[in-house]
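Novice: Have a look at the structure that comes next, please.
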Amino acid sequence: MANAPSIRIDRDEKFKIYRIYFKSLSELENYLKGDPEVNRAVFKTQKSLYLPEDFAGEPLSNAINYCHGGYEKGLGVFMRLKKELESVNILKTNYRRSVPAVVGSRPHVPNFVAGTPKTMWRLDKAKEKKFIDIYINLAYSGENTDSQIRNRGILTLNLISLFENNDIGVNLHAFEASYNYEELFIADVKLKRPDEIINVGKCYYPLCGKEFIRRLLVRVKESMPFMEKWGIGYGAVLPEPLIRRYMEIDDKKLLILSPDEMGIKGKDIYEDANAFFEHLNLTDKIAIPNYRKPDTKEAKK
């Protein structure tokens with residue numbers, strides 16, 4: 001099958017591990033449109049089809065089609081708050097400076113008159129491009145509000161902008177990791193490569209649409225060749241230490257957890273921003289703005 005996801009099954013002393021990796025949102029969409037066989041021995045009833053809409057959102061067929069980037073529920077508020085937050089961003093951008101040199105693009109007149117060897121101007125060497133991997137765990141408690149999920153999505157995209165304005169490319173992965181008895185499930189969807197500009201329309205659905213986690217990734221799970229009784233509760237969320245272990249997320253990579261774990265309350269985007277960045281502790285990587293709501297008088301200027 002062309003453009004099929006990568007599936008790997010292995011085990012260690014604790015778990016039998018089922019991994020499925022999608023190189024893009026389109027690959028996930030194509031996989032689900034191919035209607036992969038349901039593991040009927042384990043999943044007697046498909047929750048991807050029968051979960052109530054107030055919990056899991058629109059029906060599965062609609063949820064699959066939203067992968068095209070047409071998911072707009074709550075997008076207006078999302079974009080307004082995203083723009084508002086970015087308007088007070090203080091971004092540290094690395095510029096290339098002109099420095100005196102023996103060979104360059106234009107003459108350095110004072111040095112020429114002084115008779116020194118470096119009689120030309122040239123741009124200093126560009127810093128080697130750096131990259132970072134960001135993983136966001138899409139799982140969250142049923143008690144989390146839409147505004148908490150929305151603010152986490154805004155802050156994730158804002159974080160990417162901060163890195164890219166510091167010449168650091170970003171790999172963005174959205175995932176679910178869960179376990180049941182001695183079996184472990186990991187579904188990883190790459191949303192952005194380092195050479196891509198952020199596509200808000202493409203990222204908004206996985207980051208904020210409940211259908212993505214509660215319809216699409218549940219349907220992926222139903223296609224896995226599990227042996228344990230996943231069909232009862234569909235597994236428990238994997239704790240952070242085990243996520244880091246089995247997804248190989250070391251200190252050089254960033255892990256974004258549920259809104260509660262990131263300190264996001266969903267009431268004030270600025271308070272949430274400060275809690276979010278305090279949790280990530282990025283002071284050794286980039287300069288982080290001190291987020292505060294702009295004064296009303298200043299905002300009108």
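Novice: Just give me the residues in segment 39-58 being part of a loop (DSSP other than H, G, I, E, B) and either of a type in the set (S, T, N, Q) or surrounded by fewer than 16 Cβ atoms within 10 Å (Cβ to Cβ) (or both), in sequence order.
Specialist: Taking segment 39-58 and keeping what is part of a loop (DSSP other than H, G, I, E, B), we get 39-46, 51-52, 57-58.
Correct list: N39, R40, A41, K44, T45, Q46, P52.
Novice: From the list Y204, Y181, which residue is over 16 Å from E27 (Cβ atoms) and buried (at least 24 other Cβ atoms within 10 Å of the Cβ)?
Specialist: Y204
Novice: Filter segment 65-115 for residues that are surrounded by 13 or more Cβ atoms within 10 Å (Cβ to Cβ) and part of a strand (DSSP E or B); which is modelled with the lowest pLDDT?
Specialist: So, considering only residues that are surrounded by 13 or more Cβ atoms within 10 Å (Cβ to Cβ) and part of a strand (DSSP E or B), the one modelled with the lowest pLDDT is S98.
Novice: Give the residue that is farthest from D167 (Cα to Cα), with candidates limited to residues of segment 237-295 that are of a type in the set (V, I, T) and touching a strand residue (DSSP E or B) at 6+ places or on another chain (Cβ under 8 Å). Explain how you work it out, then say what you get.
Specialist: Residues of segment 237-295 that are of a type in the set (V, I, T), as a first pass: 237, 243, 249, 256, 264, 269, 283, 286, 288.
Retained after the next criterion (residues that are touching a strand residue (DSSP E or B) at 6+ places or on another chain (Cβ under 8 Å)): 237, 243, 249, 256, 286.
Numbers: V237: 34, I243: 28, I249: 22, I256: 21, I286: 10 Å.
Result: V237.
Novice: Taking helices (runs of 4 or more DSSP H) that do not extend beyond segment 201-301, which have at least 1 residues that are modelled with pLDDT under 95 and either polar (S, T, N, Q) or more than 20 Å from the chain's Cα centre (by Cα) (or both)? Steps first, answer last, please.
Specialist: On the way: elements: 217-222, 240-246, 269-280, 296-300.
Hits in segment 201-301: 269-280, 296-300.
Novice: If you take the residues of segment 232-289 that are of a type in the set (V, I, T) and within 27 Å of Y21 (Cα to Cα), which of them is surrounded by the most Cβ atoms within 10 Å (Cβ to Cβ)?
Specialist: Just the residues of segment 232-289 that are of a type in the set (V, I, T), to begin with: 232, 237, 243, 249, 256, 264, 269, 283, 286, 288.
Checking the rest, the ones that are also within 27 Å of Y21 (Cα to Cα) come to 232, 237, 243, 249, 256.
Working: I232: 11, V237: 17, I243: 19, I249: 18, I256: 25.
Residue satisfying both the conditions and the ranking: I256.
Novice: Look at segment 164-180 and say how many of its residues are farther than 27 Å from L238 by Cβ and either β-branched (V, I, T) or in a strand (DSSP E or B) (or both). First the steps, then the outcome.
Specialist: Of segment 164-180, the ones farther than 27 Å from L238 by Cβ are 164-169.
Next, only the ones that are either β-branched (V, I, T) or in a strand (DSSP E or B) (or both) stay: 168-169.
Looking only at that region, the number is 2.
Novice: Does segment 235-250 contain at least one residue that is among the basic types (K, R) and touching a residue at least 12 places away in the same chain (Cβ under 8 Å)? Spell out how you get there, then give the answer.
Specialist: Our first condition is that a residue be among the basic types (K, R); within segment 235-250, this holds for 244-245.
Then keep just the ones that are touching a residue at least 12 places away in the same chain (Cβ under 8 Å); that gives none.
No, segment 235-250 contains no residue that is among the basic types (K, R) and touching a residue at least 12 places away in the same chain (Cβ under 8 Å).
The values are calculated or read from the model by the stated rules, or taken from the named source; none is laboratory data. Since the model is a prediction, treat every value here as computed from it, not as a measurement. No Cβ is skipped: glycine too gets one built from the backbone with ideal geometry, and neighbour counts run over all protein chains shown.
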